[in-house]
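Shown next, in structure tokens, is the structure this report addresses.
Laboratory data are not the source of any read-out in this text; all were calculated from the coordinates shown. Bear in mind that the values here come from a model prediction, so they are computed numbers and not experimental data. Counting neighbours? That spans all protein chains shown, and the Cβs are built from the backbone with ideal geometry, glycine included.
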């Protein structure tokens, strides 16, 4: 069980950053919005707080860009938007992920029968 | 910020700031202010302690948040992005530094291993290098030679005029040996204590990075 949990947390960590990119593919969002959206999906995030370091890493990697915008309620918010690099990385991952998922499924499900 | 935080949330931010000491200062300040902004947005103006605790639970432990910030650090780029572990390198570093065997080479290799390990801070590395320049081989050997020679010399001096030994001068040789024993104990115990401390420090650094 410990091994399974380790593997899952590695998988989750790896896939999470692309889920963030996917979330931004339609529109820009501010940090709290991203964190709450992903946090509400079952099994996606173990601690919401860990998403903030992830967002700043995505920015360092050039996959997202940030802009401060005034908000109606409270202080200005930092908005995250997908860059061209980020869009390319997301497309690559999406293709690879489908291939990987189908391969794993084909073996796992065959094993179950 | 726009509102004063609940004391429980405030304590959480302080703990986060403390946990984030190991990451670069600019990143640390940004991280703390992001989490502070998160709390501002997640909590109503007059939040109850239960509301605060639920939001904090969702955020996760400060140590976990800091751990998520770490892979970006260049220090850890060697292990293909994985966190460093205390292992053979650290064990060998301490063993070679303490023993200094084989003479000169053993200590030098240990020193290099100590310096390249990402698990020790600069101060800890300095401590490791300063305590035994040369290792035990270089300090214990000369000391034992001195104590043996000292004992022999006092015996020779007390050989009587007729050439028959009249016994060693107990006061002289005993005093010298006693000093040598104290020095040897210090020279052996001190490095072992420092090695144990460094081993524990590496374990803590590993746990913090995992």
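In chain A, the longest principal axis of the Cα atoms and the axis of helix A:84-112 are about 30 degrees apart.
How would you rank B:121, A:50, A:83, going from fewest to most other Cβ atoms within 10 Å of each one's own Cβ?
Numbers: B:121 12, A:50 21, A:83 17.
Starting with the residue having the fewest Cβ neighbours, the order is B:121, A:83, A:50.
Assign one of three labels to segment B:1-40, namely rounded, prolate or oblate, based on the Cα gyration tensor with a ≥ b ≥ c the square roots of its eigenvalues; rounded applies when a/c is under 1.5, prolate when it is not and a/b is larger than b/c, and oblate otherwise.
Values: a/c = 3.15, a/b = 1.59, b/c = 1.98.
Oblate, because a/c is 1.5 or more while a/b does not exceed b/c.
Sorting A:64, B:187, A:7 by the number of Cβ atoms found within 10 Å of their own Cβ, with the fewest placed first, yields A:7, B:187, A:64.
Within the listed set A:92, A:102, A:72, the residue fluctuating most in the Gaussian network model of chain A (springs between alpha-carbon atoms under 10 angstrom) is A:72. Spin-label model, residue A:95 to residue B:45: label points 7 Å out along the Cα-to-beta-carbon direction sit 5.3 nm apart.
Report the calculated FRET efficiency for residue B:95 and residue A:46 (r = Cβ-Cβ distance, R0 = 41 Å), to the nearest 0.05. Can you show the working numbers first?
On the way: r = 38 Å, r/R0 = 0.93.
That gives a FRET efficiency of 0.60.
In this rough spin-label picture, where each label sits 7 Å from Cα along the Cβ direction, the residue A:13-residue B:54 distance is 3.0 nm. Relative contact order of chain A: 26 percent, from C-alpha pairs under 8 Å at least 6 residues apart in sequence. The length gained by stretching the chain between residue A:4 and residue A:84 to full extension, at 0.36 nm per residue less their Cα-Cα distance, is 25.3 nm.
Simple spin-label estimate for residue B:200 and residue A:60 gives 3.1 nm between the two label positions (7 Å along the Cα-to-Cβ direction from each Cα).
How shielded is A:49-61 by partner chains, expressed as the average number of their Cβ atoms within 10 Å of its Cβ atoms? Walk me through the numbers before you get to the answer.
Working: counts 17, 9, 6, 12, 15, 4, 1, 6, 5, 0, 0, 2, 1.
For this peptide, the per-residue mean of nearby foreign Cβ atoms is 6.
Gap in Å between the Cα centre of segment B:11-72 and the Cα centre of segment B:183-206? Spelled out, the Cα-based centre of one part sits 35 Å from the other.
Is the shape of segment A:8-93 rounded, prolate or oblate, going by the alpha carbon gyration tensor and its root eigenvalues a ≥ b ≥ c, with a/c under 1.5 for rounded and a/b larger than b/c for prolate? In terms of gyration-tensor shape, oblate. What's the FRET efficiency of residue B:207 with residue B:129 using the Cβ-Cβ distance as r and R₀ = 22 Å, to the nearest 0.05? The pair residue B:207/residue B:129 has a calculated efficiency of 0.35.
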